[in-house]
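Accompanying notes for the structure given below.
The values are calculated or read from the model by the stated rules, or taken from the named source; none is laboratory data. A quick note: this is a predicted structure, and the numbers were derived from the prediction, not measured. A quick note on method: Cβ atoms are made from the backbone with ideal geometry, for glycine too, and the neighbour counts reach across all protein chains shown. Remember, those area values only see protein heavy atoms, side chains included, never the ligands or the DNA or RNA. Shrake-Rupley method; radii C 1.70, N 1.55, O 1.52, S 1.80 Å.
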Amino acid sequence: MDIIVPQVGESIVEAEIGQWFKQDGEQVEKDELLLELETEKINVELNADASGKLSILVQEGETVKIGALIGRIDESAAGAEPAEKTEPAVEETVEEKAEGKQGRPETKQAAVTAEPSEPASDQEQPPMNPAVAKLAAERNIDLSTIKGSGRGGRILVDDLPEAGKQPEPAGKAEPETPQPTESSASETGKKDLQDERVERVPMTQIRKKIASRLLKARQETAMLTTFNEIDMSRVISLRNSHKAAFEKKHGVPLGFMSFFVKACAEALKEFAAVNAQIDGDDILYHHYYDIGVAVGSKRGLVVPVIRDADRLHFDDIEKTIRDFAARADSGKLSLDDLTGGTFTISNGGIYGSVLSTPLLNPPQSAILGMHAIQDRAVVVDGEIAIRPMMNIALSYDHRIIDGKEAVSFLKQIKTYIEDPEQMLLEM
Amino acid sequence: MAEQTFELIVIGAGPGGYVAAIRAAQLGLNVALVEKRASLGGVCLNEGCIPSKALLESSEHFFRARHEFAEHGIEVGEAQLNLGQMMERKQAIIKKLTGGIAGLMKKNKISTFQGEAELQAADRVRIKSDSGETELQGKSILLATGSEAIELPHLPFDGEKIINARDALSLSEVPKRLLVVGGGVIGLEMGSVWSRLGAEVTVVEMLPQILPQSDPQLAQMLQRSLKKQGLAILLETRLESIEQIDEGIQAKLSNEKGEQQLVCDKILVATGRRAQSKGLGLENVGLKTNKQGQLEVDEDFQTEVAGIYAIGDLVPGPMLAHKASDEGVVFAERLVGQKPSINYQHIPAVTYTWPEVASVGRSEAGLKADQIPYQAGKFYFAASGRALCNGTSDGFIKVLASPEGGRILGVHIVGPHASELIAEATTVISFGGSVQDLAVTSHAHPTLAEALKEAALAAAGEAIHG
Ligand SMILES: Cc1cc2nc3c(=O)[nH]c(=O)nc-3n(C[C@H](O)[C@H](O)[C@H](O)COP(=O)(O)OP(=O)(O)OC[C@H]3O[C@@H](n4cnc5c(N)ncnc54)[C@H](O)[C@@H]3O)c2cc1C
């Protein structure tokens, strides 16, 4: 049974092995906690999928790609005698040696050596040339996938796959001997010395992945965006008049997000295609409403998913969002929190955007974009009035959502927010 | 007030700071280097590694001329000391090297500023000098202000009678009786210099072993050698107080057995060094040091304040020049997105006494504590042909290797040229090499380096000459 780094969420391509909770060679039970993975945005705990003897292939602190092999569980060893890397044996060995004699390993120790597990006496990585670690980190190479051609399988610089667009001449790191500025600067491609006004910086691995995902979302869907605007005055006054009471009763402040989540859940019920997704030649209609909401955190923007949003009360929604935000800050969001939404709300308003087209989050078929609220002059009952207005946008996959549906869905959101009573009374 | 803008401002031109500045400039950054001293190179070049090694070499020649030439059949009569010339030679070396660094700064188009730097904000530094004040703006700021000698509360430095290592590198005459407080690297090196030049040297150390960080077997071996050379070493002894008397300074020493008086002319206090950040304006950016006065940093060497970094003696880890430089390089490369890292287990540490002491990798005590099985192999220089030819056969090499794969975990050397021999050991360890790797590597004969191979073979129980 292989232990593989799971898909952790959108735009995350690598993770760091935070901590192994089990030792190499230790007997583990199914569902026991094996390790914690750390990513840019969340920490994920991995449990054993089977019982057996654990061999750890990638050590703590190493960075690994999604899908990389980081360990194995030998199921044939399940229930077998626990691996005897126990303390007494080790101690005895040490004492023998400590007596100073250079005697060869004796029987007791041979027993340890005969253990089928790999020698892990020094808890370091398998031997490799020192430059390999640096190059592998820069080229994002998972060393466990590399076959070393050096003595005893040692990984040499030449064993590493060529770096695509990140020229980093092997073995050039000789910091002590100052090198001519020009050659080394252009070698690393960090700066174009010809033109001091331009800086050339290679894209990080994550940026590249985001770039290709975004491009894919554009290329592989038939995305269109429709816009509308909302007069926020009713919601604002509703919120203002109930704010204090709401907070007192539920212990969370009342925000606008819960109105939008609620409005979307209701509207999605009416426009099934917006909550659907394409799967091959089929369309999957979801009869549940799991809505992803963008949450700003210390670690960046994450999009955790509110489950069954239609069945939640306002306070539940607010509490869920708060809880997400707190856990996002501390890196405690789980993989489950981030996956499997059927629809997404993004809020460019956080950054002050007044109008933008949100990008689909495949395989979802639609995404609502909220924006900043601005006082604008609008015509109400034939008169010019100042109203707090918000532009909203719905990007949708035209392959399964018709223009009429999309426009109507967005109009429904507008209606619900402008006239919240209607939504609350479920009319 | 003129304000210039840089991508990186480095404060402190020691082996940490100046190396970081060069590497960053090589990588295309626009770099400023601020140093309050008149010359570049920090403690290491001006009052540390370099001058101490110059004097150690000179004093060793003197010692040999007096005590060993005759055995080689060389009669030179009574060797005479010209201390002034010895100091001038040392000074010339410092001048040459610090001047060389200034040249490197020019070559790499690094703007150097002389003056004391104080942080104003996370991206702003004020420099005060005799010629006025100026402010620099920097996208990133690297603090590399190093360390200073720790003063004992009851023995403040006066530069005359109570001296620190800096003073001990520039004495104008050989003290008759020198008391060294602290049996660490600096105390033993400086004590050796003045002992060889004729001083009566006594070293007091509070702990039960000299070089407390080292392998006890190495420390004992060194202690025996130093004793033979004439140094008195008092372990588990502390200096309680001093009193000025007619014949000099009377020092009251105490140990388990009781008290003891010792009269000397100078006291060198070498009890350690402390990270130095006074006047740097840490409080202006909300940075705090830890209990040891150091700044804590992450793997990019970034402090708690984004954009402010720190390396060298100012941050935790061994206070060594090459550690500071290694950190400087890694800092600069990580700043531009490269991904090097430092394995602190693979940083060698050397004491330049006679014999020299050098270690890299794990210690026996550490392996025992972590319950990691290992085998130790030893080879004595007394069995090395080259060492016998050289007349320098004190000492041994100890190799610690894993019993299973033979991977070399640690190498500890006390002996001639240990400082150079440790380089091969460091290379092997950082390549993850094993006893077998050394066994199949040809070593020229006769060399001291053969001893490393023999010690490695001994660890596998296969020594040829052991
Ligand atoms: C006697 C002696 C012998 C030694 N021998 C060895 C040896 O053989 N091998 C070895 O590896 N190590 C040796 N060391 C230790 C070594 O010198 C240090 O580890 C090393 O110098 C640390 O480098 P650094 O760059 O961190 O700081 P430093 O070398 O201390 O440099 C810091 C610089 O910053 C400057 N500075 C401080 N504050 C400011 C400010 N506010 N504005 C501007 N400039 C500022 C200081 O003037 C100084 O020049 C020795 C030390 C001593 C004292």
message = Six or more apart or on different chains, Cβ atoms under 8 Å: show the pairs whose first residue is in the stretch A:278-295 and assigned by TED's automatic domain parsing to the domain that holds A:A325 and whose second is part of a strand (DSSP E or B) and modelled with pLDDT under 90.
response = A:V293/A:N347; A:A294/A:L301; A:A294/A:V302; A:A294/A:N347; A:V295/A:L301; A:V295/A:V302
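The rows are residues; the columns are (1) assigned to a helix (DSSP H, G or I); (2) among the aromatic types (F, W, Y); (3) in contact (Cβ under 8 Å) with a residue 60 or more places away in the chain.
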| residue | (1), (2), (3) |
| --- | --- |
| A:R376 | no, no, no |
| A:N391 | no, no, yes |
| A:I400 | no, no, yes |
| A:A406 | yes, no, yes |
| A:Q412 | yes, no, yes |
| A:T415 | yes, no, no |
request  = Identify, from the list B:V10, B:V31, B:V43, B:V19, the residue that is within 14 Å of another protein chain (Cβ to nearest Cβ) and in contact with a strand residue (DSSP E or B) (Cβ under 8 Å, 6 or more places away or on another chain).
outcome  = B:V31
inquiry  = Going residue by residue through the stretch A:337-350, is there one that turns out to be modelled with pLDDT of 90 or more and part of a loop (DSSP other than H, G, I, E, B)?
reply    = yes
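Identify, from the list B:A232, B:A275, B:A270, B:A219, the residue that is surrounded by 19 or more Cβ atoms within 10 Å (Cβ to Cβ), out of contact with any helix residue (DSSP H, G or I) (no Cβ under 7 Å at 6 or more places or on another chain) and hydrophobic (A, V, I, L, M, F, W, C).
Values: B:A232 fails: surrounded by 19 or more Cβ atoms within 10 Å (Cβ to Cβ); B:A275 fails: out of contact with any helix residue (DSSP H, G or I) (no Cβ under 7 Å at 6 or more places or on another chain); B:A270 fails: out of contact with any helix residue (DSSP H, G or I) (no Cβ under 7 Å at 6 or more places or on another chain).
Answer to the check: B:A219.
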query = Do we find a residue being at the interface with chain A (Cβ under 10 Å from one of its Cβ atoms) and in a helix (DSSP H, G or I) anywhere in the stretch B:408-422?
reply = no
remark   = Here, strands (runs of 3 or more DSSP E) confined to the stretch B:44-151 with at least 1 residues that are among the hydroxyl-bearing types (S, T, Y), over 22 Å from the mean Cα position of the chain (by Cα) and within 15 Å of the ligand (Cβ to nearest atom) are B:111-114, B:124-129, B:132-143
request  = Six or more apart or on different chains, Cβ under 8 Å: which pairs go from a residue in the stretch B:40-64 that's in the same structural domain as B:G103 (by TED's automatic domain parsing) and basic (K, R) to one that's part of a helix (DSSP H, G or I) and within 12 Å of the ligand (Cβ to nearest atom)? Could you list them?
outcome  = none
ask   = Checking B:S172 against (1) more than 16 Å from the ligand (Cβ to nearest atom); (2) at pLDDT 95 or above; (3) crowded, with 17+ Cβ neighbours inside 10 Å, which single condition isn't satisfied?
value = (3)
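Yes or no, residue by residue, for (1) on the phi > 0 side of the Ramachandran plot; (2) buried (at least 22 other Cβ atoms within 10 Å of the Cβ):
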| residue | (1), (2) |
| --- | --- |
| B:G385 | no, no |
| B:V399 | no, yes |
| B:P416 | no, yes |
| B:V428 | no, yes |
| B:Q436 | no, no |
| B:A444 | no, no |
| B:L452 | no, yes |
| B:G461 | yes, no |
query = Taking the condition buried (at least 22 other Cβ atoms within 10 Å of the Cβ), of a type in the set (K, R) and away from the ligand (no atom under 14 Å from the Cβ), does B:R177 pass?
reply = no
Conditions (1) open to solvent by less than 40 Å² (accessible area, probe 1.4 Å); (2) part of a helix (DSSP H, G or I); (3) in the same structural domain as B:A310 (by TED's automatic domain parsing); number of the one not met by B:L226 = (3)
